[in-house]
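Student: There's a structure below that I have some questions on.
The values are calculated or read from the model by the stated rules, or taken from the named source; none is laboratory data. Owing to the predicted nature of the structure, the values given are computational and were not obtained by experimental measurement. So basically every Cβ, Gly included, is an ideal-geometry build from the backbone, and we count neighbours across all protein chains shown.
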Amino acid sequence: MKGTKEVVTYHFVGIGGIGMSALAQIIRAQGHRVSGSDRSNDNGLTPEIFRKLELHDIKLYPQDGSGISHITDIVVISSAIEEDNRDQKRALEMGIRIVKRSELLSGLFNQNRGIAVGGSNGKTSVCGMIGWILSASGYDPTVVGGGYLKNYIETSLGNARFGNSDCVVIEADESDGSLVTYKPKVSVITDISKDHQTVDELKKLFCKFADNTSEVIVIHEKCAHFIKTCEKGKKIITYGEGNNADIRAYNLSCNPVGSRFEVDGKKFEIHVPGLYNVLNALASIAVAQNEGIPDDEIDKALRVFKGIKRRMDFVGQKNGVKIIDDYAHNPKKIQMAINAARLYNERLIIIFQPHGYAPTKFLRDDFISTFETTLLPTDILYMPEIFYAGGTADKTISSKDIIDDLKDRGFDAFYFRKREQIIGDIQKKASPGNTVLVMGARDDSLTNFCHSLLSEL
């Protein structure tokens, strides 16, 4: 993805967001001028993110309209930005063009050899794996991800890579419907399950996503029957655990830090935990093989793939108690994270912080059902209050509502309004051989909480 000769000045509103910061870095790498604002930066939160953005020569302003001026050509917003945002209002007053992040990204993506990864679960890891395999194999792709890839994190944020080839790999988000704006040459559909929308609503989105794909659709075998494409001539590759999957793992063995398996007689090894990461690797292998990369090179790249930050991160161990930090936030992700954590120890102490009042209300019954089927009698579940990122919200639901329902069903479940209050209770109840699994999305300070918990054990 080569830079353009005409230099344009962009201002990103909410630049600290995972998707916004990734795209801002790519635009800057193309040679354009980039600035941005973010409430988290104004409040002194997640300073490392903003420090690294500034290292990329991205100027940061308070989110009070001061970053918008006569030299600003385009203001970029995400779907999370409210109408009364002061930067957006300033741009409207000055007649400056405002574009959605998805509109800007699709404009860059659709004119290149695009590989788009979508799905309710697993898309961040699959996007990271594909991007890493392609870059390790000399394809020099541009990657716009939805998580911080650990292989790149020492020198950059890790959620974006600028390449000079026409190969572009992106994570395509279904939460706001922007998924349908992309026209991939190759698409991946990892999973279709209730998250931001109902399954029926998601089926329609992913059918359109598949229709927009011109060459190859890589899809989990359990989702394949959902997808009906209008055009013939597209290649469909299924992957999964079933006998009928085109790409299937044989002779599988999982341990707490990774897995070994075979595909059509070729041995592969990954050093990220959980059965779900084997499935993520299968999707990535399918794409890499389609792009002409030999199996030996794919395996070599996968063996040194370090994973995505806050995806089953082993924080440390003290007095025989392990701490794991994970981004899981919807029912299926929670189930997969719990199953992966049990590879360390059977007894789990779980801390789950829901994010957003509307998503929590939408998924309340599903959360209860998931914990009901995955918790063992020896497990303990803690929930602090719902993470609130600002804006307007109907706060008629609380984490306590979920905890009370689980208590009524006989589970060891506890609500604390502030998560720091949980540490003292864990000090009393944790014992050698336990694993503490901390889960929650959108709140990077959960990692600091994990380290605080470790130091107090």
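Student: THR360 passes all but one of (1) β-branched (Val, Ile, Thr); (2) part of a helix (DSSP H, G or I); (3) assigned by TED's automatic domain parsing to the domain that holds VAL126; (4) out of contact with any strand residue (DSSP E or B) (no Cβ under 7 Å at 6 or more places or on another chain); which number fails?
Tutor: It is condition (3) that THR360 fails.
Student: Being hydroxyl-bearing (Ser, Thr, Tyr), under 15 Å from ARG310 (Cα atoms) and assigned to a loop (DSSP other than H, G, I, E, B) is the filter here, so list the residues in the stretch 119-170 that pass it. Explain how you work it out, then say what you get.
Tutor: As a first pass, look at the stretch 119-170 and keep what is hydroxyl-bearing (Ser, Thr, Tyr): 120, 124-125, 135, 137, 139, 142, 148, 152, 155-156, 165.
Retained after the next criterion (residues that are under 15 Å from ARG310 (Cα atoms)): 124-125, 148, 152.
Residues satisfying the conditions are TYR148, TYR152.
Student: Report, by residue number, each residue of the stretch 254-290 that is under 20 Å from GLY145 (Cα atoms) and out of contact with any strand residue (DSSP E or B) (no Cβ under 8 Å at 6 or more places or on another chain).
Tutor: TYR276, ASN280, SER284, ALA288
Student: Moving to a separate point now. Residues being closer than 20 Å to SER431 by Cα and within 19 Å of the chain's Cα centre (by Cα): count how many of those fall in the stretch 319-338. Before you say what the answer is, go through the steps one by one.
Tutor: To start, the set of residues in the stretch 319-338 that are closer than 20 Å to SER431 by Cα comprises 319-325, 338.
Now narrow it down to the ones that are within 19 Å of the chain's Cα centre (by Cα): 324-325, 338.
Count: 3.
Student: Is one or more of the residues making up the stretch 206-217 within 28 Å of GLU262 (Cα to Cα), buried (at least 21 other Cβ atoms within 10 Å of the Cβ), in contact with a helix residue (DSSP H, G or I) (Cβ under 9 Å, 6 or more places away or on another chain) and modelled with pLDDT under 95?
Tutor: So far as the stretch 206-217 goes, no, none of its residues is within 28 Å of GLU262 (Cα to Cα), buried (at least 21 other Cβ atoms within 10 Å of the Cβ), in contact with a helix residue (DSSP H, G or I) (Cβ under 9 Å, 6 or more places away or on another chain) and modelled with pLDDT under 95.
Student: Hey, does the stretch 23-39 have a residue that's under 22 Å from ASP176 (Cα atoms), surrounded by fewer than 22 Cβ atoms within 10 Å (Cβ to Cβ) and outside the structural domain of THR124 (by TED's automatic domain parsing)?
Tutor: Yes.
Student: Restrict the check to the stretch 232-239 and report whether at least one residue is free of Cβ contacts under 8 Å to residues at least 40 places away in the same chain, part of a strand (DSSP E or B) and in contact with a helix residue (DSSP H, G or I) (Cβ under 6 Å, 6 or more places away or on another chain).
Tutor: The answer is yes, given that some residue of the stretch 232-239 is free of Cβ contacts under 8 Å to residues at least 40 places away in the same chain, part of a strand (DSSP E or B) and in contact with a helix residue (DSSP H, G or I) (Cβ under 6 Å, 6 or more places away or on another chain).
Per-residue answers, yes or no, for (1) at pLDDT below 95; (2) surrounded by fewer than 19 Cβ atoms within 10 Å (Cβ to Cβ):
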| position | (1), (2) |
| --- | --- |
| LYS400 | no, yes |
| PHE411 | no, no |
| TYR415 | no, no |
| ASP425 | no, yes |
| VAL436 | no, no |
| ARG442 | yes, yes |
| CYS450 | no, no |
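Student: Please count how many residues of the stretch 314-332 are surrounded by fewer than 18 Cβ atoms within 10 Å (Cβ to Cβ) and either assigned to a strand (DSSP E or B) or assigned by TED's automatic domain parsing to the domain that holds ASP191 (or both).
Tutor: Filtering the stretch 314-332 down to residues surrounded by fewer than 18 Cβ atoms within 10 Å (Cβ to Cβ) leaves 314-320.
Cutting the leftovers down to either assigned to a strand (DSSP E or B) or assigned by TED's automatic domain parsing to the domain that holds ASP191 (or both) gives us 314-318.
Number satisfying all stated conditions: 5.
Student: Additional query: Being among the charged types (D, E, K, R) and touching a Cys at 6+ places or on another chain (Cβ under 7 Å) is true for just one of ASP325, ASP379. Which residue is that?
Tutor: ASP325
Student: So if I check each of ARG51, ARG39, which one is among the basic types (Lys, Arg) and closer than 22 Å to GLY356 by Cβ? Explain how you work it out, then say what you get.
Tutor: Working: ARG51 fails: closer than 22 Å to GLY356 by Cβ.
Of the residues listed, the single one that is among the basic types (Lys, Arg) and closer than 22 Å to GLY356 by Cβ is ARG39.
Student: For ASP176, are the conditions met, namely being over 22 Å from TYR239 (Cα atoms), assigned to a loop (DSSP other than H, G, I, E, B) and charged (D, E, K, R)?
Tutor: Yes.
Student: While we're on this one: If only one of VAL126, VAL99, VAL143 is touching a helix residue (DSSP H, G or I) at 6+ places or on another chain (Cβ under 9 Å), under 19 Å from ILE192 (Cα atoms) and touching a residue at least 12 places away in the same chain (Cβ under 8 Å), which one is it?
Tutor: Checking each option against the conditions leaves just VAL126.
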